[in-house]
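The next block holds one structure in the form of structure tokens; read it before the comments.
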Amino acid sequence: MKYVTITGGVLSGIGKGITAASIGAALQAQGLSVDVLKIDPYLNVDAGTMNPNQHGEVFVTEDGYEADLDLGHYERFLHKNMTRFNNLTAGQVYSNVIRKERNGEYLGATVQMIPHVTSEIKHRLSQLKGDVAVVEIGGTVGDIESEIFLEAIREFSMEVGHDSFLFVHVTYVPYLKVTNEFKTKPTQQSIQILRRSGISPDVIVLRGEKKFPQATVNKVALFGGVPVNAVFGLEDSENVYSIPEKIHTLGIDKFVMDKVGLKPLSPFSWDYPKPERDAKIAMIGKYLSTDDAYKSVLESVALCGYKKPKMIDSETLEKLSDIELNSILKDYSGIIIPGGFGKRGIEGMIRAIRYAREHDVPLLGLCLGMQLMTIEYARNVAKLKEANSTEFDPNTPYPIVDIMEEQKRIMKLGGTMRLGSEEIKVFEWSNLYKIYSSKRIFERHRHRYEVNANAFESIFRMKESDPPERLNVSAMSKFVEAVELPEKSFYIGVQYHPEYISKVSMPHPIFSKFLETCTNSDN
Ligand code: GLN
């Protein structure tokens, strides 16, 4: 078993996760089996309680774990379903240590960072399986929270033997326009910080806006204490899915394999999408301070070969007149209403849904999006004017979306939603069935509320013999899983999250069908 660990220098958000996933993909593209551990040094037990505006989306794994969005990169690049064992947070480590201490498992010892906390971390490292494990340490070297993880990894590398271990440091090299030069000082300093934890990098990957001159590479090698051929410049790329190929062309994968004594088992093969087509999609969202808040949705579109949707702030739509709203939305051939929580911006999304329904603009609703499609239909077609979700109006006379029975007794916030993959029955008479060609599907969930079809049965078409001119329920589990209006070009809302299972070369059929409809329509 070999280990490739990835640390970050200078700044966060420089594509360390993509670089790590791409190194993994490049090794896997040569027949090696790759395991992953993403370490998040924050004290949260998982990412489930974090605000997407600050931290980006919460990625949900098949086994119902609420992870950092980096786990999504690994799934998409490695075509592999991640689980809760692929993510380790400081919150998990410390809560395990404290639980063990309370259970008397340390037999009277004074419980300390070294060896008790480090042992907990090393235990997780020792459970990885495959030819090679990619271990990514979140954050930037120098963060107080990550010190103990670096120490545990250093100890672990001594135990396993340095020949089976490789340290990659991914760092940012800023470009100064005024003097037309790249500045390596921050990188020199981040390597010094890394060395203070007893770790010397074997490979340094430089991230920056444009191609690095050889002089910059030489300087980093000299000050970083590594050979010149261990420093690789990886400038920004238009298409992140081309990076595994770039890693291979640069020879990073070969360097890694040579160092840890691995050989490729098959010739390199990596096929990836090129997001070049424009379907003119508007995504009406409420978390707009970072694109990361809707990462998996945006990547699901890219994986179908389409350009990024335009983000529209749902709150701004609330203040517009009908004419203004129409004049904004008429420029788009399709609308996506993504998931979300809380009342803010909801009415803007409902207005966009109404516009799409009335103008037959292809519409895809994801989780919250589907719930709002149901509310809009109840209000404007079934004429239940004050229909709402009890999430937004606990006193609504028409709770068409209501809290799930099993959720009513839950008081704690973390990890308590309906989470993860579950079997869903798709009705053969639905448009959804045409998309999946299957009656039985598995999709991932993350919600507390559900469509209250039992209480409002006259609004819904639940079986084939019901009048078709109602809101058609096209898939069910214990809950309503999808609604549609079959006479529209594309009007589908799903309670689950198809965006979590799109992968490179395996785009999700709902997204492919939606985008294809948008490109073919004249809207
Ligand atoms: N807020 C809604 C619920 O909890 C939708 C959740 C979501 O979009 N992920 O049911």
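The values are calculated or read from the model by the stated rules, or taken from the named source; none is laboratory data. Because the structure is predicted, anything quoted here is derived from the model rather than measured. As a convention, Cβ positions derive from the backbone with ideal geometry for all residues, glycine included, and neighbour counts pool all protein chains shown. Please note that ligands, DNA and RNA were not included when accessible areas were found on the heavy atoms of the full protein model with its side chains. Shrake-Rupley method; radii C 1.70, N 1.55, O 1.52, S 1.80 Å.
Residues whose amide H lies under 5 Å from that of V135, counting only those 5 or more places away or on a different chain, are V4, T5, I6, L37; hydrogens are built 1.01 Å from N in the peptide plane. Taking the DSSP beta bridges with both ends in the chain, the antiparallel portion is around 35 percent. In this structure, Q192 and E238 have a Cβ-Cβ separation that, at R0 = 35 Å, corresponds to a calculated FRET efficiency of about 0.55.
So if R0 is 30 Å, what FRET efficiency would S12 and S33 give, r being the distance between their Cβ atoms, rounded to the nearest 0.05? Efficiency for this residue pair is about 0.55. Compared with the alpha-carbon gap, the fully stretched path from H79 to K183 is longer by 33.8 nm at 0.36 nm per residue. Projected onto their three principal axes, the Cα atoms of the stretch 99-217 cover extents of 62, 31, 19 Å, largest first.
Close amide-amide hydrogen proximity is noted between G233 and L206, each under 5 Å apart and 5 or more residues distant or on a separate chain (H modeled in the peptide plane; Pro and chain starts excluded).
Phi-derived couplings, Karplus 6.51 cos²θ - 1.76 cosθ + 1.60 at θ = phi - 60°, listed residue by residue for the stretch 284-297: 9, x, 10, 10, 10, 6, 8, 4, 5, 5, 10, 3, 5, 5 Hz, with x used for Gly and Pro. Annotation for the stretch 466-523: trypsin sites (Lys or Arg not before Pro) lying in DSSP loop with at most 13 further Cβ atoms inside 10 Å of their Cβ are K478. A DSSP coil position with no more than 13 other Cβ atoms inside 10 Å describes the following trypsin sites (Lys or Arg not before Pro) in the stretch 88-153: K129.
Taken over the stretch 441-523, the ratio of Cα radius of gyration to 2.2 N^0.38 Å equals 1.22.
Placing a pseudo-label 7 Å from each Cα along the Cα-to-Cβ vector at S200 and D360 gives an inter-label distance of 7.0 nm. On full extension, the segment bounded by S438 and H162 gains 94.4 nm, given 0.36 nm per residue less the C-alpha separation. Each residue of the stretch 268-279 was assigned a 3J(HN,Hα) from its phi angle through the Karplus expression (A = 6.51, B = -1.76, C = 1.60, θ = phi - 60°), giving 4, 9, 9, 9, 9, x, 10, x, 10, 7, 10, 9 Hz with x at Gly and Pro.
Neighbours of T249, meaning other residues whose beta-carbon lies under 14 angstrom from its beta-carbon, give a summed charge of 0 when Lys and Arg score +1 and Asp and Glu score -1.
Where Rh is the Kirkwood radius over the Cα pairs of the chain, the temperature 4 °C and the viscosity 1.567 mPa s, what D in µm²/s does Stokes-Einstein return? Result for D is 52 µm²/s.
Rolling a 1.4 angstrom probe over the stretch 400-469 with all protein chains present gives an accessible area of which 49% lies on carbon and sulfur atoms. Taking amide H atoms as placed 1.01 Å from N in the peptide plane, the amide H of V170 lies under 5 Å from those of T7, G8, G9, V205, each 5 or more residues away in sequence or on another chain.
What is the sum of charges around Y449, taking Lys and Arg as +1, Asp and Glu as -1, for the other residues whose C-beta is under 10 Å from the C-beta of Y449? Residues close to Y449 contribute a combined charge of -1.
Over the residues of the chain, the helix contribution to mean residue ellipticity at 222 nm works out to -9500 deg cm²/dmol, using -39500 (n - 2.57) for each DSSP H run of at least 4. The listed peptides 44-51, 246-253, 7-14, ordered by packing as a protection proxy, come out as 7-14, 246-253, 44-51 (highest mean of other Cβ atoms within 10 Å first).
In terms of Cα atoms, the Rg and Dmax of the stretch 226-378 work out to 21.3, 67 Å.
Accessible area per residue (1.4 Å probe, heavy atoms of protein chains only) ranks C304, C518 as C304, C518, with the largest value leading. Determine which residues of the stretch 473-488 fall in the zone a paramagnetic label at E428 would reach in this model, i.e. backbone nitrogen under 18 Å from the point 7 Å along Cα→Cβ. Correct set: 473-476. Does the stretch 1-158 classify as rounded, prolate or oblate by the C-alpha gyration tensor (a ≥ b ≥ c root eigenvalues; a/c under 1.5 gives rounded; else a/b over b/c gives prolate, otherwise oblate)? The shape class here is prolate.
Nonpolar atom fraction for the stretch 41-156, defined as the carbon and sulfur part of the 1.4 Å probe accessible area, stands at 52 percent.
Residue-wise HN-Hα couplings along the stretch 474-482, as the Karplus relation 6.51 cos²θ - 1.76 cosθ + 1.60 with θ = phi - 60° gives them from phi, are 9, 7, 9, 10, 6, 10, 5, 10, 7 Hz; Gly and Pro carry x.
For Q112 and E209, the difference between the fully extended length at 0.36 nm per residue and the C-alpha to C-alpha distance is 30.6 nm.
Over the chain, accessible surface divided per residue gives 42 Å², non-protein components excluded, 1.4 Å probe.
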